[in-house]
Amino acid sequence: MKKILLVISVIALSIGLFAACAKSTPDTATNTSGNQQKDSQQKDTEDQSSSSEKQKITVWAWDPNFNIAIMNEAASIYEAAHDNVEFEIVEMAKADVEQKLHTTLASKMTEGLPDIVLIEDYNSQKYLQSYPGSFADLTDKLNYNDFAPYKVELMTVDSKIYGIPFDSGVTGFFYRSDILAEAGYGAEDLNNITWDRLIEIGKDVKAKTGKAIISFDKSDGGLMRIMLNSSGLWYFDAEGNITVSNNEALKEAMETYKKILDADIIIPTAGWNEWVGAFNNGDAASVISGCWITGSVKAATDQSGKWAAAPVPRLNYTESKNASNLGGSSWYILDAAQNKDLAIDFMNEVFGGNVDFYQTILTNNGAVASYLPAIKGSAYSAADEFFGGQAVFADMGKWMNEIPSINYGLYTYEADSAIMANLEDYLSGSKTVEDALKDAEAQLKSQIQ
Amino acid sequence: MKGKISIPRIFIYLFLIVASFLSIFPFFWMTTGMTNSAVDIVRGKMTFGTMFFENIRILFSEYDMALVLFNSIKVTGLTVVLCLLICSMAAYGFVMYKSKITQRLYALTMLTMMIPFAALMIPLFQIIVQFKLLNSHFALIITGASSVFIIFFFRQSFVTYPFEIIQAARVDGAGEFRIFFKIFAPSMKSTFFAAAIYAFMTSWNSYMWPLIVLQTNDKRTTTLLISYLSSAYVPQYGVIMTAIVISTLPIIIIFFAFQKQFVQGMLGSLKA
């Protein structure tokens, strides 16, 4: 027993010592060199000192193969053109970026803040309105006419624009062309359809091939948000008032959920993995989601050439279009950032002006840009073998321009959960759709006020 | 009696089989997942695949798992040592020097357990920034060095210690530190082991505080890396599973190595 104790304490001590040494040596080294640099700089003239020291742009983002990889690409382009810049791209989970940003902004400690941060579009208004003055006003710094209008709208507060629009969540109806052809449906039959028509097709496909038309998680609000966004309505109006119980499109979306379930044309799934698994396995004949889902679709390489894409179905609601959005995120620059002007210049040069960069990230990462000049580029018009030679990304670029502009307001996720909680009662038949919406509105009101 | 099958026994075994399946299954899934590609995992493949070395390669070359693991071991190791030292001495003080003031102090210390971490987070962050400890492992170690629960745990076990032994040592001229390290602590080994395992788990799994304090990729701990990997739009499940297995191993090893002491410590150190 004594031996064990001895061994443990020796290990612990050696870790401590090792750690202390490993840490202290480079630290003191950088400190002394930093001091020397400062000393010599004081002797030097002003402009010499600024050119000798590298300025660092710190970025917070999530997803190793998407946002981080893209930011690395953008950073290397900018570093190649400018000598005195380096990047610190901090890799975090999405929820972690949000948590960290909230805590740091709330603590008013600007030392901990990055220069650039990625924020999901549904949450952008929450940050912009909860922490006024924390984000840099870029209204005159970028040419916003070059970006998809719906993206610019969601980062606008009091006619001031705050962010740099990044990836689009333009939606598509991605389907297995082989399965639908077996049931007798070609590309023309699936172009610009309504949800009701999709349900009819789904019944037919089920009868003829035995396959479900989509995998469907009834507790996921994604499809609901797609339907709403296609109608130009949201859970809130432009002034931020709740529009739940008096929302025509929302009512129809709820009814459509029920119709889809009652028609018995789906694979019920719970959670993301099952949902993706269903079309990766070939059990579901299509998926309706944001363009970023193509990454997961293409992961099943054995299904190459068997897919195609059509515009997302629309509601019967008169304003509804065959174009919508799900998700997507944008970059924001912190007003208190140490290198704010440099960060703005970087964003302007790469994200607001480099068409080739956007071709690279589409090819490498499948990122559909909301920078409109990029969509005319070569990578967008290239035929995609996985989608049977269709130029899917050029098509998505066309749909993107049609997406109705909405101000998402502050509480998209709160509204979403209030509605999904009451949707369950409507689907099971214990509430009418009107009652479910009224209850959801009451629940939402009590939650956010 | 041996070999007899009775109906209650069948039910007991049935229940145990189900229970052990439920607890072993996640580990099984984790280990098979480690050897498969992301698509296979999503498709529900449950058998061992061939992707193990590929997953390990990605984890160690692209995400620098070795450094992350070292960070975690360093922070946890130092926290555990410091935490055991500080908490055991605090508890010793509370037990051996009983007075109205120390009892009030003890009650006050216990009360702080009621404050949730979320309420402390922002002020604590401000303190750390002002001490210029942002983005340092020391900020994690110093905040983890005292745990009210472990003080409580030590105290509960220390009160059973025969006070006469301490008095005898004092009479023989031993100083208080000598009594603590030479006489008291060695006979409380199992309690220390149990507290060590608890402190290890808390520090190893801590997530929110490292997230807020650490600012660069080269400082992050295993929990932050796993969280980062899982939030991808197209998650690399094989790599995530590998990272989870690697970061679970130390806990499993420590628990199995000190299982006996852990159970003893939970029951109380001294046998009457």
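The values are calculated or read from the model by the stated rules, or taken from the named source; none is laboratory data. Owing to the predicted nature of the structure, the values given are computational and were not obtained by experimental measurement. Cβ coordinates were reconstructed from backbone atoms using ideal geometry, including for glycine residues, and neighbour counts include every protein chain displayed.
Brief remarks on what is shown
- Residue match in the stretch B:69-90 (condition: of a type in the set (A, V, I, L, M), more than 10 Å from chain A (Cβ to nearest Cβ) and closer than 26 Å to B:ASP218 by Cβ): yes
- Which listed residue, of A:PHE351, A:PHE346, A:PHE279, is of a type outside the set (Ser, Thr, Tyr), touching a helix residue (DSSP H, G or I) at 6+ places or on another chain (Cβ under 6 Å) and in contact (Cβ under 8 Å) with a residue 60 or more places away in the chain: A:PHE346
- Checking the stretch B:140-149 against the condition returns a match, with at least one residue being touching a helix residue (DSSP H, G or I) at 6+ places or on another chain (Cβ under 6 Å), within 14 Å of chain A (Cβ to nearest Cβ), farther than 19 Å from B:TYR97 by Cβ and not small (Gly, Ala, Ser).
- Members of the stretch B:100-118 that are exposed (fewer than 10 other Cβ atoms within 10 Å of the Cβ) and assigned to a helix (DSSP H, G or I): B:LYS100, B:ILE101, B:ALA107, B:LEU108, B:THR112, B:MET114, B:ALA118
- Restricting the stretch A:100-117 to residues that are of a type in the set (S, T, N, Q) and within 7 Å of chain B (Cβ to nearest Cβ), the residue that is nearest to B:LEU214 (Cα to Cα): A:THR103
- Sole exception among (1) out of contact with any Gly (no Cβ under 9 Å at 6 or more places or on another chain); (2) not in a strand (DSSP E or B) for A:TRP234, by number: (1)
- Residue list for the stretch A:270-294, restricted to those being of a type outside the set (A, V, I, L, M, F, W, C) and surrounded by fewer than 21 Cβ atoms within 10 Å (Cβ to Cβ): A:GLY271, A:ASN273, A:GLU274, A:ASN281, A:GLY282, A:ASP283
- Looking at B:VAL129, B:VAL95, just one residue is among the hydrophobic types (A, V, I, L, M, F, W, C), more than 24 Å from the chain's Cα centre (by Cα), assigned to a helix (DSSP H, G or I) and within 14 Å of chain A (Cβ to nearest Cβ), and that residue is B:VAL129.
- Criterion applied to A:THR104, A:THR110, A:THR139 was being touching a helix residue (DSSP H, G or I) at 6+ places or on another chain (Cβ under 7 Å) and among the polar types (S, T, N, Q), and the one residue passing it is A:THR104.
- When the stretch A:49-99 is limited to residues that are among the β-branched types (Val, Ile, Thr) and without any contact (Cβ under 8 Å) to a residue 40 or more places away in the chain, the one that is nearest to the other protein chains (Cβ to nearest Cβ) turns out to be A:VAL90.
- Number of residues in the stretch A:205-227 that are farther than 27 Å from A:ALA181 by Cβ, hydroxyl-bearing (Ser, Thr, Tyr) and crowded, with 17+ Cβ neighbours inside 10 Å equals 0.
- Matching option when the condition is modelled with pLDDT of 90 or more and within 14 Å of chain A (Cβ to nearest Cβ), among B:MET65, B:MET51: B:MET65
- Test: A:SER230 is surrounded by 24 or more Cβ atoms within 10 Å (Cβ to Cβ) and in contact (Cβ under 8 Å) with a residue 40 or more places away in the chain: yes
- Residue check, B:ILE151 aliphatic (A, V, I, L, M), out of contact with any Gly (no Cβ under 8 Å at 6 or more places or on another chain), modelled with pLDDT under 90 and in a helix (DSSP H, G or I): no
- Looking across the stretch A:311-341, just one residue is touching a strand residue (DSSP E or B) at 6+ places or on another chain (Cβ under 7 Å), surrounded by fewer than 19 Cβ atoms within 10 Å (Cβ to Cβ) and not in a loop (DSSP other than H, G, I, E, B), and that is A:LYS340.
Conditions tested, residue by residue: (1) in contact (Cβ under 8 Å) with a residue 60 or more places away in the chain; (2) in the same structural domain as A:THR412 (by TED's automatic domain parsing); (3) among the hydrophobic types (A, V, I, L, M, F, W, C).
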| residue | (1), (2), (3) |
| --- | --- |
| A:GLU182 | no, yes, no |
| A:TRP195 | yes, yes, yes |
| A:ASP217 | no, yes, no |
| A:MET224 | yes, yes, yes |
| A:TYR257 | yes, yes, no |
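- Residues that are surrounded by fewer than 22 Cβ atoms within 10 Å (Cβ to Cβ) and more than 12 Å from chain A (Cβ to nearest Cβ) do occur in the stretch B:206-229.
- Being crowded, with 20+ Cβ neighbours inside 10 Å, away from every other protein chain (no Cβ under 11 Å) and in contact with a Leu (Cβ under 9 Å, 6 or more places away or on another chain) is true of B:MET188.
- Only one entry of A:LEU261, A:LEU223, A:LEU250 meets the criterion of being under 21 Å from the mean Cα position of the chain (by Cα) and either on the phi < 0 side of the Ramachandran plot or within 14 Å of chain B (Cβ to nearest Cβ) (or both), and that entry is A:LEU223.
- Among the residues making up the stretch A:264-310, those that are closer than 19 Å to A:LEU423 by Cβ, more than 14 Å from every other protein chain (Cβ to nearest Cβ) and not hydrophobic (A, V, I, L, M, F, W, C) are A:ASP264, A:PRO268.
- Flag if B:ILE179 is farther than 30 Å from B:MET51 by Cβ and at the interface with chain A (Cβ under 9 Å from one of its Cβ atoms): no
- Lone unmet requirement of (1) surrounded by fewer than 24 Cβ atoms within 10 Å (Cβ to Cβ); (2) under 23 Å from A:GLU188 (Cα atoms) for A:TRP307: (1)
- Restricting the stretch B:13-48 to residues that are of a type in the set (Gly, Ala, Ser) and part of a helix (DSSP H, G or I) leaves a set whose member that is nearest to the other protein chains (Cβ to nearest Cβ) is B:ALA38.
- Scope the stretch A:337-385; condition under 25 Å from A:VAL85 (Cβ atoms) and of a type in the set (Asp, Glu); matching residues: A:ASP341, A:ASP345, A:GLU349, A:ASP356
- Residue in the stretch B:245-262 that is away from chain A (no Cβ under 12 Å), surrounded by 21 or more Cβ atoms within 10 Å (Cβ to Cβ) and on the phi < 0 side of the Ramachandran plot present: no
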